[in-house]
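Novice: Please read through the structure below; I'll follow up with questions.
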Amino acid sequence: MADTVGDFLLKRLAQWGVRRIYGYPGDGINGVIGAFGRTDTGIDFVQVRHEELAALMACAHAKFTGEIGVCLATSGPGAIHLLNGLYDAKLDHQSVVAIVGQQKRSAIGGDYQQEVDLLSLFKDVAHEFVHMATTPEQVRHLIDRAMRIARDQRTVTCIILPNDVQDLPAVPTPPRVHGTVHSGIGHTGEMSVPNEADLQRAADVLNAGKRVAMLVGAGALHATDEIIEVAELLGAGIAKALLGKAAVPDDLPYVTGAIGVLGSKPSWDLMERCDTLLMVGSSFPYAEFLPEEGHARGVQIDINGRMLSLRYPMEVNLVGDSRATLRALLPYLSRQADRSWRERIERDVARWWQVLEAHAMTDAKPINPQRVFWELSSRLPDNCIIACDSGTSANWYARDVKLRKGMMASLSGGLATMGSAVPYAIAAKYAHPDRPVIALLGDGAMQMNGINGLITIAKVWHEWHDPRLTMMVLNNRGLNLASWEQRATEGAPHYEPSQAVPDFPYAQYAELLGLGGIRVDKPEAVGPAWDTALKATRPTIVEMVTDPDVPPLPPHLTMQEARAYLAALLKRDSEALGVVRQTTKEWWDHLFPPRG
């Protein structure tokens, strides 16, 4: 049998280095699915429980490997289901290619079943490149351009394949005639570096600074050593955007941790007191957590020139790869002789870790969620990968988890979608089968789509020679972050119909699927549960029954937020007494942390 377009698609993707495609079958994409069964390309098809999970896994694959993630779905509803995960990739600047089916060409425009205008549907999320194949001659250059543009622009691209086109004979080499395109494979990443004059200008600003602050993000994940060298020379403190949490280890004494609503008090103070800001590979969006405009000189490094001077008006803007640019900048920097700024930062950081430990060990009913993350931190296996979800789990992950060098971690940053942790963890396990993987999420995210992800894990984990996959769910019976945001931003009390979620036996459900399950409802059992789960010989759910009244307080509470918070409690908030009790404990520990 001659190769079809579906066969050729897989072969061409394999030539591009694609090893895995996450997806779900359907009649709109049958020509490609059939090719998997008859074409030995070395590409694995990972069947998910829902197309949204496929797109989230493709995004996570890109994050944890640096490769292009690929997802696949049928026409109509399957294609629509991809969108949330694709927007996650778009907003976090990840290279993902979506391959979607479509109805026959002859039916398009005829109000046919499952006919959706896919070009319009994907035009925003895949705006750099989305095209539909109408002839086999197009397919080669559509694949090549989708792959190249996704990688070059660090974005989402999309190929739409009508199902009759998928079964047509392939045309690997288009005819050499007018009106055809002859594309090729291959992409070499250019390690762009600014010119010497711009590097010198940036160095002049940084060398003049007496109180230098660094803010690093996801674009600096591969520049750990260079960030540390620059910070050592300048005597700087390092704050981290959440997607850049793994860029530098948390155990360095001058790393102030996360910045923003989920951030630390030392990061807030660092930005308030600095006279110079060096931002590397970050598009952190919240201006209120950066220096006040005009109070600090600024230098920014980013691979994407469109992101420069977007968050803070910088004096010098450098377009370039963060690692290569920092390496080129280092010879121009002078060592800061006065280390008083650095010493102050280190004192603030040391005190903050004492505050966090005190917060974590404060009594709650039954378990303080901060303790769950604090107890995990010291037990993290070397070279582990952490996938965190949105919600209060992200608060405690940002503050309480100390990442060490060599670890990887991510979450949905720009989109902050619920339900990303479990699909991220599955993709991480596929991408790095020898490394332990840990997912951290709340019960809302687990019920949204994490439970479906467990079914996939139960199906495939026996294929893994290393089964270390631990998933921790905070069982607080509610959409906890939504409740706190209602209080702090709207002055509205806890509203049970919108914020309560059904109680569910997560650990028992895991056991029903043949996975490990541990339920913890006593604080003294938290540490031992982590010990057991992290050594388990099968993927394991750790269900932590936690107190919803423990407040995820920001590092700096504005007067407006404080008024709204108090107003919510005065409006007969059903959880007011517990909230007041836990908030009082938090503030006491902040003011008077125990000394180590």
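Novice: May I ask for the net charge around GLN47, where only other residues with Cβ less than 12 Å from the Cβ of GLN47 are counted and Lys, Arg are +1 while Asp, Glu are -1?
Specialist: Values: positive: ARG20, ARG49, LYS459; negative: ASP44, GLU51.
Local net charge: +1.
Novice: For the stretch 57-120, take every pair of Cα atoms, bin their distances at 10 Å starting from 0, and report each bin as a whole percent.
Specialist: Histogramming the stretch 57-120 at 10 Å steps yields 22, 44, 23, 10, 1 percent.
Novice: A follow-up question, please. Please compute one quarter of the surface area of the Cα convex hull for the stretch 297-342 and express it in square nanometres.
Specialist: Working: hull surface 16.2 nm².
Its Cα hull, projected and averaged over all orientations, spans 4.1 nm².
Novice: In the stretch 103-189, how does Rg compare with the Kirkwood Rh, expressed as the Rg/Rh ratio over alpha carbon atoms?
Specialist: On the way: Rg = 14.2 Å, Rh = 14.2 Å.
On the Cα set of the stretch 103-189, Rg over Rh gives 1.00.
Novice: Given the pairs LYS429/LYS535; LYS240/LYS405; LYS90/LYS459, which are separated by over 18 angstrom at their Cα positions? Could you put the intermediate results ahead of the total?
Specialist: Values: LYS429/LYS535 16 Å; LYS240/LYS405 15 Å; LYS90/LYS459 29 Å.
With Cα atoms farther than 18 Å apart: LYS90/LYS459.
Novice: State in Å² the accessible area per residue of the stretch 231-273; use a 1.4 Å probe, count heavy atoms of protein chains only, and round to the nearest integer.
Specialist: On the way: 950 Å² over 43 residues.
Here the per-residue accessible area is 22 Å².
Novice: A further question on this structure: For the stretch 400-441, what is the accessible area per residue in Å² when the probe is 1.4 Å? Write out the running numbers ahead of the final one.
Specialist: On the way: 970 Å² over 42 residues.
Roughly 23 Å² per residue, with all protein chains present.
Novice: A further question on this structure: Quick check on packing: order 274-287, 212-225, 40-53, 324-337 by the mean number of other C-beta atoms within 10 Å, highest mean leading. Intermediate values should be presented prior to the final figure.
Specialist: Values: 274-287: 22.6, 212-225: 24.8, 40-53: 19.0, 324-337: 16.9.
Ranking, from highest mean packing down: 212-225, 274-287, 40-53, 324-337.
Novice: Please report the net charge: other residues with Cβ closer than 9 Å to the Cβ of LEU403, K and R +1, D and E -1. Please report the intermediate quantities before stating the final value.
Specialist: Values: positive: LYS245, LYS402, ARG404, LYS405; negative: ASP250, ASP251.
Net of charged neighbours comes to +2.
Novice: Work through the residues other than LEU86 whose Cβ is under 15 Å from its Cβ and net out their charges, Lys, Arg +1 and Asp, Glu -1.
Specialist: On the way: positive: LYS63, LYS90, LYS123, ARG154; negative: GLU51, GLU52, ASP88, ASP92, ASP124, GLU128.
My count for the surroundings of LEU86 gives -2.
Novice: Got a number for carbon plus sulfur as a percent of the stretch 159-318's accessible area, 1.4 Å probe? Intermediate results must be reported in sequence, preceding the final value.
Specialist: On the way: 3310 of 6370 Å².
Carbon and sulfur together cover 52 percent of it.
Novice: Taking only protein heavy atoms into account and a 1.4 Å probe, give the accessible area per residue of the stretch 1-119 in Å². Write down the numbers at each step before the final one.
Specialist: Numbers: 4250 Å² over 119 residues.
The answer is 36 Å² per residue.
Novice: Of PRO366, TRP461, LEU9, which is farthest on the positive side of the dipole of the chain, counting Cα position, with +1 on Lys and Arg Cβ, -1 on Asp and Glu Cβ, and the Cα centre as origin?
Specialist: TRP461
Novice: Starting at the first residue of the stretch 362-373, write each ³J(HN,Hα) from the Karplus equation 6.51 cos²θ - 1.76 cosθ + 1.60 with θ = phi - 60°, in whole Hz, x for Gly and Pro.
Specialist: 5, 4, 8, 10, x, 10, 6, x, 5, 5, 4, 7
Novice: What is the Cα convex hull volume of the chain when expressed per residue in Å³? Don't skip to the answer; put the middle values down first.
Specialist: On the way: hull volume 96.3 nm³, N = 596.
Residue-normalised Cα hull volume stands at 162 Å³.
Novice: Only four residue types carry charge here, +1 at the Cβ of Lys and Arg and -1 at the Cβ of Asp and Glu. Report the dipole size of the chain about the Cα centre in Debye, rounded to the nearest 20. Each step should come with its number before you reach the end.
Specialist: Details: 58 positive and 69 negative charges, 133 e Å.
Here the size comes out at about 640 debye.
Novice: Tell me whether the stretch 218-278 comes out rounded, prolate or oblate; compute the Cα gyration tensor, take square roots of the eigenvalues as a ≥ b ≥ c, and use a/c under 1.5 as the rounded threshold. All intermediate terms of the calculation are to be shown ahead of the outcome.
Specialist: Working: a/c = 1.69, a/b = 1.13, b/c = 1.50.
Since a/c reaches 1.5 but b/c is at least a/b, the shape of the stretch 218-278 is classed as oblate.
The values are calculated or read from the model by the stated rules, or taken from the named source; none is laboratory data. The shown structure was predicted, so the numbers you read here are calculated from the model rather than taken from an experiment. Cβ coordinates were reconstructed from backbone atoms using ideal geometry, including for glycine residues, and neighbour counts include every protein chain displayed. Just so you know, the surface numbers come from the protein's heavy atoms only, side chains and all, with ligands and any DNA or RNA stripped out. Shrake-Rupley method; radii C 1.70, N 1.55, O 1.52, S 1.80 Å.
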